[in-house]
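Data block below; observations after.
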Amino acid sequence: MAGTIVEGRNVAEDRTLTPDFCIIGSGAAGGVCALKLTEAGFNVLVLEEGPNIPREKGPAPGQERKMLNEREVEMYKVLYQEGASRLTKNGGVKVLQGRCLGGGTAVNWSACLPPRLETLDEWQKRGLPFTRQNLDPYLHEVVNYLPVVRNDKYNTSARKFMHGCDRHAIPHDNLPNNTNNCRECGSCGVGCPYDRKMSGFVKWLPDAVSLGATIYTDTKVDRLVGNGDRITEVQAHFIDGKTRPTQRKLIVKPVKGVVLAAGAIGTPAVLLRSKLDLDGRVGKYTHIHPVTITIGKYPEPTLPAYGVPDNMWTPQFAAGPTGYLIETGSFFPVLSASATLQHGDELHRIMRDYYPNGAISYAHHTTGFDDKEKYGTVELDQNGDPELDYKIPKANVKPMQESLVMMARIHLAAGATSVYIMRNPPLEVKQGDTFDAIRKINFVEPQRSTIFTVHVMGGCQMHKDEKRRCVNNDFTFRGKKNLWVLDGSIFPTALGANPQVTIYSLALWGSREICEQNQATFKLNHQGGELPWKGY
Ligand SMILES: Cc1cc2nc3c(=O)[nH]c(=O)nc-3n(C[C@H](O)[C@H](O)[C@H](O)COP(=O)(O)OP(=O)(O)OC[C@H]3O[C@@H](n4cnc5c(N)ncnc54)[C@H](O)[C@@H]3O)c2cc1C
């Protein structure tokens, strides 16, 4: 029998539920786990803090999700953690994370890369069991089920990038996406209203519901309550459309167990509120991919907000513990205006000059490989809400400067008349520039340059070291037999690749573990065929 989606904002009384499994978070890991545990015959309940995105026809032709209206100013505050204004504790990094049905998958830019080989090798040294060979069936499942495709509809940013790379003899390649017949509206970052991006709310979650899963949205988990080595209760409250508590509560008494899939900030936060902090280990070693951004200004109008946002990249600089992936994207005007670090006349000038004629490229930087560095820490503020204490690691500063130089060179070779670097005071470079000013940017001092991240990982890591391990190799949380952690928080380092495919694959592996530990059959249903990545 089909399950249902209950919107917590409309629940008028306190409730108690007794599913087999309670999954916390409906993002990349939560969606996968909901489907696989429901397929295995379990009674599954998913709790999601963010709102539902119901299937309801909208006014635009082909619009399947009326509430997704493609307006940045309205959608960020509905679909993102802290209305897309989440910052690290020192204000130095803007942290974008989804907070809605589908979590990050609802708002992400659809780029799909496999886990980097070098990273998996490093993880093996830290005792993790994953290799490209043993992940292969899970990668096939993800690629075939979503599907992940090589989408060769390129927007202006991608075309300019290819041209500039060719002039510098830098190899570039298609970056596969989880889009299906993409309309190229460029709205991935505010949720695809046309169901052409194969996000959690289009694929994993409705498939789980059709098999019997129940999802509660607008339902924020406060804490877990345990007895010995078992979690006995999940305590949550319902919230309204403005993220205020409605005063109604939900108690879940799971028969078999709890799966944490609240993301790399949300999962440590639930554990910390539950006082399951393993002598201070939870929340430590949290990683991001800091992102550096360039906008080239071209002589002709470029329609920079449109197109598949993220389907062109170069693997040229990706190797090493501080390597970086340069990718191209869509130039979202509101997000970009807020990232310029300017205001008043200067902001007006930059947007007037760069927006209509712009093309964007950015670099995700790998971090987390130095065993002696502490990296980020998730802590709770006085209200019990999470905060990420993070400073840009010194080892990343030079690669971050060099990535900006490289991206500027590529823009200029492609015909850009100037390139804007998001720094305060503003920095523009032109043909013939020595790039010295870029090489002096101080990324460690916060708020001098725009650094954002859309990839948060770690904080509840798998690790062979007793002093670091929070999660065992069978995905159980240490000391608890019926608590599993499946999301990006288990990564011991940053990944060095866009993480959704890896999180999906590890969540499939973790779901298999949960099924086996509970005497149920786990199946992969979408095997065969070629993977879309060539040589990476
Ligand atoms: C703007 C943007 C663009 C991105 N682009 C790409 C891309 O192109 N390619 C790629 O591979 N990756 C991309 N990512 C990253 C990718 O989407 C994430 O890495 C991935 O979704 C993380 O999966 P997760 O399961 O760890 O957590 P999430 O997907 O973040 O899911 C966690 C969920 O848990 C919920 N939650 C948190 N706390 C609680 C609580 N206490 N109670 C109930 N629910 C809770 C959250 O609301 C959220 O929905 C992007 C992310 C963003 C934000």
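Laboratory data are not the source of any read-out in this text; all were calculated from the coordinates shown. Fair warning: this is a prediction, and the values are worked out from it, not measured in the lab. Cβ: placed from backbone, ideal geometry, glycine included. Neighbour counts: every protein chain shown.
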Amide H contacts of Ile23 (H built 1.01 Å from N, under 5 Å, at least 5 apart or other chain): Leu45, Val46, Leu47, Val259
Value of [θ]222 nm, deg cm²/dmol, for the chain, DSSP H segments ≥ 4, -39500 (n - 2.57) each, nearest 500: -7500 deg cm²/dmol
How far is the Cα center of region 479-528 from the Cα center of region 303-380, in Å? 29 Å
Take the alpha carbon gyration tensor of region 2-53, find the square roots of its eigenvalues, order them as a ≥ b ≥ c, and report rounded if a/c is under 1.5; if not, report prolate when a/b exceeds b/c, else oblate. oblate
Given the convex hull of the Cα atoms of the chain, what is a quarter of its surface area in nm²? 23.1 nm²
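Lys and Arg at +1, Asp and Glu at -1: add these up for the other residues within a Cβ distance under 14 Å of Ala319 and post the number. Kindly include the intermediate steps, with their values, before the conclusion.
On the way: positive: Arg116; negative: Glu118, Asp121, Glu122, Glu402.
Once all neighbours under 14 Å are counted, the net charge is -3.
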Contour excess over end-to-end distance, with Cα ends at Asp277 and Ala437 and 0.36 nm allotted per residue: 53.2 nm
Would you mind checking the tilt of helix 344-354 against the longest principal axis of the Cα atoms of the chain, expressed as 0 to 90 degrees and rounded to 10? 80 degrees
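Take every DSSP beta bridge whose two residues both sit in the chain, then give the antiparallel share in percent to the nearest 5. Numbers along the way, then the final one.
Numbers: 53 of 78 bridges.
Rounded to the nearest five, the antiparallel share is 70 percent.
When Lys and Arg each count +1 and Asp and Glu each count -1, what net charge do the other residues less than 11 Å away from Asp218, Cβ to Cβ, add up to?
Local charge sum for Asp218: +2.
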Residue by residue through region 264-279, the couplings from Karplus 6.51 cos²θ - 1.76 cosθ + 1.60 with θ = phi - 60°, in Hz, x for Gly and Pro, are 6, 10, x, 5, x, 4, 4, 5, 5, 5, 8, 6, 9, 9, 6, 6
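Stokes-Einstein at 37 °C, 0.692 mPa s, Kirkwood radius from Cα pairs: D for region 148-262 in µm² s⁻¹?
Values: Rh = 18.5 Å.
Estimated diffusion coefficient is 177 µm²/s.
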Protection proxy ranking, peptides 15-27, 126-138, 470-482, average beta carbon neighbours within 10 Å, highest first: 15-27, 470-482, 126-138
Take the alpha-carbon centre of region 68-115, take the same for region 175-231, and report the distance between them in whole Å. 13 Å
Simple SL model, points at 7 angstrom along Cα→Cβ for Thr4 and Asn227; separation in nm is 2.9 nm
Cross-link reach from Lys125 to lysines, straight Cα distance under 21 Å and at least 8 residues apart if same chain, gives Lys284, Lys372, Lys374, Lys464, Lys467
For Glu346, placing the label point 7 angstrom along Cα-to-beta-carbon and taking region 417-440, residues whose amide nitrogen sits under 15 Å are 420-429
Directionally averaged projected area (convex hull, Cα atoms, region 409-536), nm²: 13.1 nm²
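Highest first, please rank the peptides 28-41, 427-440 by the mean number of other Cβ atoms sitting within 10 Å of their residues. Before the final figure, lay out the partial values.
Details: 28-41: 27.9, 427-440: 14.4.
In descending order of packing, they fall as 28-41, 427-440.
Mind scanning Lys57/Lys77; Lys160/Lys440; Lys36/Lys480; Lys89/Lys394; Lys66/Lys203 and naming the pairs with a C-alpha gap bigger than 24 Å? Present the calculation step by step, with values, prior to reporting the outcome.
Details: Lys57/Lys77 22 Å; Lys160/Lys440 27 Å; Lys36/Lys480 22 Å; Lys89/Lys394 18 Å; Lys66/Lys203 18 Å.
Correct reply: Lys160/Lys440.
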Other residues with Cβ under 13 Å from the Cβ of Thr131 give, with Lys and Arg +1 and Asp and Glu -1, a net charge of -1
Reach of Lys534 by Cα under 20 Å, taken over lysines that are not fewer than 8 positions away in the same chain: Lys153
Inverse mean reciprocal Cα-Cα distance (Kirkwood Rh) of region 128-167, Å: 13.0 Å
Going 7 Å from the Cα of Ser85 toward and past its Cβ, which residues in region 305-348 have a backbone nitrogen under 18 Å from where you end up? 334-344
Relative contact order (%) - the chain, alpha-carbon pairs under 8 angstrom, separation at least six: 24 percent
Could you give the angle, 0 to 90 degrees to the nearest 10, between helix 156-167's Cα long axis and the longest principal axis of the Cα atoms of the chain? 60 degrees
Fewest Cβ neighbours within 10 Å first, please rank Lys203, Lys523 accordingly. Lys523, Lys203
Assign unit charges at the C-beta atoms only (+1 for Lys and Arg, -1 for Asp and Glu), then state the dipole size of region 4-517 relative to its Cα centre in Debye, rounded to the nearest 20. 340 debye
